[in-house]
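The values are calculated or read from the model by the stated rules, or taken from the named source; none is laboratory data. Computed from a prediction, not measured in an experiment: that's the story for all the values here. Here Cβ is always computed from backbone atoms with ideal geometry, including for glycine, and neighbour counts include all displayed protein chains. Note: areas computed on protein heavy atoms with side chains; ligands, DNA, RNA excluded. Shrake-Rupley method; radii C 1.70, N 1.55, O 1.52, S 1.80 Å.
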Amino acid sequence: MWGIDSHGIARVTHYLTRLENGTINKTPKLGFTKTAGATGQMEGDDGHGIVIMTAATNHAIGMAREAGVGVVGVSNSSHCGAIGLYSRQVTDAGMVGISFTHADALVVPAGGYKPFFGTNPISIAFPTENNDEPICLDMATSIVPWNYMMNAKREKTVVPLGLGVDKDGKDSTNADEIVALKPIADYKGYALAFMIDMLCGPLNGMNFGPNMTSMYKDLHKKRKLGSLVLAIDPARFGGRDTIRMAGTAIINQVRTHGDNVLFPGQPEYIKKQERLKNGIPVSEAVLQDFHNWSVKLGVEPIQTK
């Protein structure tokens with residue numbers, strides 16, 4: 001709905017593949033341990049990352065109601081979709097949300113030519129007076145998500161120069177040749193990915209960088225991913241109403257500085273309204289994947305024009 005097609009329904013058949021081969025546990029026994037007044041650890045039991053992170057975020061919110069802040073580390077998880085899901089989940093409770101996760105080696109470090117860190121995304125979200133439209137940063141630390149490149153490989157499309165490199169570390173516009181992405185702002189994106197990997201991996205007893213299971217290559221290995229989610233209750237600082245009113249005020253003021261100025265998260269909200277009206281565009285390749293799985297599962301295939 002948000003137009004983040006790199007993380008939307010195009011990933012459903014990937015999840016089905018991992019459920020089928022057992023590398024996503026379809027009946028995980030999630031375990032939460034409260035380690036202090038404001039901290040906890042979520043054991044994911046190799047379940048689906050979206051299920052695990054939703055539960056972890058609920059625990060972070062619960063601790064923040066009691067202690068003013070809640071910090072939950074996640075271990076033994078899998079791909080959890082768009083990381084902004086969880087910071088927005090926190091804003092639904094009237095709080096400030098911060099969420100991170102990491103991935104296998106997909107991005108070259110600044111000055112390097114082989115992938116080391118993942119796309120390692122970060123999301124920060126603040127509530128506003130419009131509960132449906134919080135201010136929300138949701139971004140990979142690579143120029144584009146790897147799933148963007150996977151879609152390009154499947155669609156056989158040419159990608160802009162400068163997004164990724166081939167096996168020799170040279171820039172390429174051929175999605176099939178690209179083996180790694182480039183970090184945003186060179187060393188700044190690389191350094192940010194470095195720190196996020198530490199927060200998600202070693203902090204939670206998980207692995208890092210090139211030592212992690214590949215999302216697409218190691219389909220018969222469990223992902224063993226880590227994540228981190230924080231909930232901050234503004235009632236313990238300047239006040240919940242204050243932060244909500246300030247969020248709306250800053251949006252209104254920044255818009256006066258240019259006709260095309262948008263606030264973080266607004267492109268997704270615009271796209272949502274478009275898709276509520278017109279539907280979600282789905283590529284032929286994705287439809288074919290759905291058709292193949294429909295046949296495999298014995299359900300009625302999607303009818304296409």
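When region 46-76 is limited to residues that are in contact with an Asp or Glu (Cβ under 8 Å, 6 or more places away or on another chain), small (Gly, Ala, Ser) and not in a loop (DSSP other than H, G, I, E, B), the one that is surrounded by the fewest Cβ atoms within 10 Å (Cβ to Cβ) turns out to be Ser75. Quick check: is even one residue across region 265-286 loosely packed, with under 13 Cβ neighbours inside 10 Å, within 30 Å of Glu66 (Cα to Cα) and not charged (D, E, K, R)? No: zero hits.
Right, Asn25: at pLDDT 95 or above, open to solvent by 30 Å² or more (accessible area, probe 1.4 Å) and part of a helix (DSSP H, G or I) or not? Answer is no for this residue. Checked against the criterion of being more than 27 Å from the chain's Cα centre (by Cα) and either assigned to a helix (DSSP H, G or I) or at positive phi (or both), the candidates Asn292, Asn252 yield just one match: Asn252. Cβ separations smaller than 7 Å between residues 6+ apart or across chains give the following pairs from region 173-193 residues that are under 9 Å from Pro109 (Cα atoms) to residues that are assigned to a helix (DSSP H, G or I) and hydroxyl-bearing (Ser, Thr, Tyr): Pro183/Tyr190. Scanning region 128-183 for residues that are hydrophobic (A, V, I, L, M, F, W, C), loosely packed, with under 14 Cβ neighbours inside 10 Å and at pLDDT 95 or above gives a single hit, Leu161.
The set of residues in region 184-194 being exposed (fewer than 15 other Cβ atoms within 10 Å of the Cβ) and part of a helix (DSSP H, G or I) consists of Tyr187, Lys188. What pairs can you find where one residue is in region 68-92 and within 14 Å of Leu225 (Cα to Cα) and aliphatic (A, V, I, L, M), the other is assigned to a loop (DSSP other than H, G, I, E, B) and open to solvent by 10 Å² or more (accessible area, probe 1.4 Å), and their Cβ atoms are less than 6 Å apart, with a gap of 6+ or different chains? Sorted first by the residue in region 68-92, then by its partner, the pairs are Ile83/Pro121.
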